[in-house]
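Heads up: the structure comes next, in structure tokens.
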Amino acid sequence: MNHPVIVVHYHELWLKGRNRRFFLGKLFTALRQALQGIPVARIEQPGDRFVVRLGEGASLEEVHRRIERVFGIAYYAVARPVERDMEALCRIAWEEVEPLRFATFAVRVKRSDKTFPHTTMETESAVGRYLLEKLRAQGRDVRVQLKDPELTCHIEVTPGPLLVYARKIPGAGGLPANTAGRLTCLLSGGYDSAVAAYHMMKRGAHLSFVHFYGTGARPGESSLHVASGLVRVLVPYQFRAKLYRVPFEEIQREIVRYAPEGVRLLLYRRMMLRIAEVLARRDRALALVTGDSLGQVASQTLRNLVAVEAAAEMPIFRPLIGTDKMDILATAHKIGTYDISSEPFHDCCPVFLPRTPELSARPEELTEAEAKLDVPALVAQGIRGTTLEKFAYAGGRVEAEEPKPVVPSDKQRTATA
């Protein structure tokens, strides 16, 4: 019995030149990890695609669910394996095409195995003629159109059975997981930061997450469950993730005690960046990621973003900086984070929110506002209270370890001293 075969065409990896082997190796690993637990006979790489030969009992629905989160794939298809015989090929091609509705079509052959006795043109011509005769016999008004047809019947000539498919399924695009280095994302629990994380993972970055939470919420309203829920949705894109959970309310109270009211929120954000940097260095991350969108709220005016960023030593990536809120929400719906971010939770940033927030702060103004604060001690306080929750995606499921306290390393103690 011939089991279904998944044909996977990759995205922009052809642009990688001599580094292509590295990216293809990462994509192969991602495919293997994503399909863990599903019966897979083998994964092959004939020519410029991967071929996943499924085993007995493999669920196509589950295969779709897993593959749609593998970055680096332009499109994939469920192909019908066919014995290496022209008559059988024509018959299966008709079974693939007959249920579909279209006015123009073409047959395209990729022939990575040159031992097949028919050339590419011979195969396309024979199968195209057979399909046209069958369609006309049904009274369907169709014609062959080689350029931009409504439907293309694809035939892949590999060393094993011939593969036939006519329905291409869009892939996740981007670059394979874990090809671009490490980043640390400040995850708020809202819509924006989760979408920002998704965009950076789509470019091959591996993200750890830092969530700052308030401790004064009523039972069931803590933001921790939202942060954990978001990481659970995001971790299948990169297979493993860390979530650092930082209690922040006592630090906020210290800022409120000594700092001018109008710049409180900006000082909260500067303190978050400093703490996140310590944790980022722990993970050997090279930069921070935030969900900032220019002008969306008072703290995200251009001047305020510059003033807040001055407190950080690491680069800060803002993938949503020029993105419209409606586009952000559309992506949140697409990736499954929207409902989680819509849940009620206690957000630490609006606590002690100023009545009239500063819209145009200068870096030196914020530095002056911090003069009465023991900044290194507050950073150390944040690190001491941090717990770490680890997530892993395997066999189609996300598992999380119990959160554990983070013990600062000697280098981290020095950085916060």
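Checked against (1) in a helix (DSSP H, G or I); (2) in contact (Cβ under 8 Å) with a residue 60 or more places away in the chain; (3) over 22 Å from the mean Cα position of the chain (by Cα), L305 passes all but a single condition, namely (2). Scanning the stretch 55-81 for residues that are open to solvent by 10 Å² or more (accessible area, probe 1.4 Å) and either farther than 22 Å from E95 by Cβ or hydrophobic (A, V, I, L, M, F, W, C) (or both) returns G55, G57, A58, L60, E62, R65, R66, E68, R69, A74, V78. A Cβ distance below 8 Å, combined with a sequence gap of six or more or placement on separate chains, defines the contacts here; from the stretch 361-390, residues that are under 11 Å from L267 (Cα atoms) reach residues that are of a type in the set (G, A, S) and surrounded by fewer than 17 Cβ atoms within 10 Å (Cβ to Cβ) in the pairs P363/A310; L366/A310; T367/A310. Across the stretch 140-160, the number of residues qualifying as open to solvent by less than 10 Å² (accessible area, probe 1.4 Å) and not aliphatic (A, V, I, L, M) comes to 3.
Quick one: which strands (runs of 3 or more DSSP E) lie wholly within the stretch 46-152 and hold at least 1 residues that are over 18 Å from V5 (Cα atoms)?
Result: 104-111.
Does the stretch 296-315 include one or more residues that are of a type in the set (A, V, I, L, M, F, W, C), within 14 Å of A196 (Cα to Cα) and at pLDDT 95 or above? No, the stretch 296-315 contains no residue that is of a type in the set (A, V, I, L, M, F, W, C), within 14 Å of A196 (Cα to Cα) and at pLDDT 95 or above. Within the stretch 25-37, the set of residues being open to solvent by less than 20 Å² (accessible area, probe 1.4 Å) and in a helix (DSSP H, G or I) comprises L27, A30, L31, A34.
The values are calculated or read from the model by the stated rules, or taken from the named source; none is laboratory data. All values reported here derive from a predicted model rather than from experimental measurement. Every residue, glycine among them, receives a Cβ derived from its backbone with ideal geometry; neighbour counts consider all protein chains shown. Accessible surface areas use protein heavy atoms only, side chains included; no ligands, DNA or RNA. Shrake-Rupley method; radii C 1.70, N 1.55, O 1.52, S 1.80 Å.
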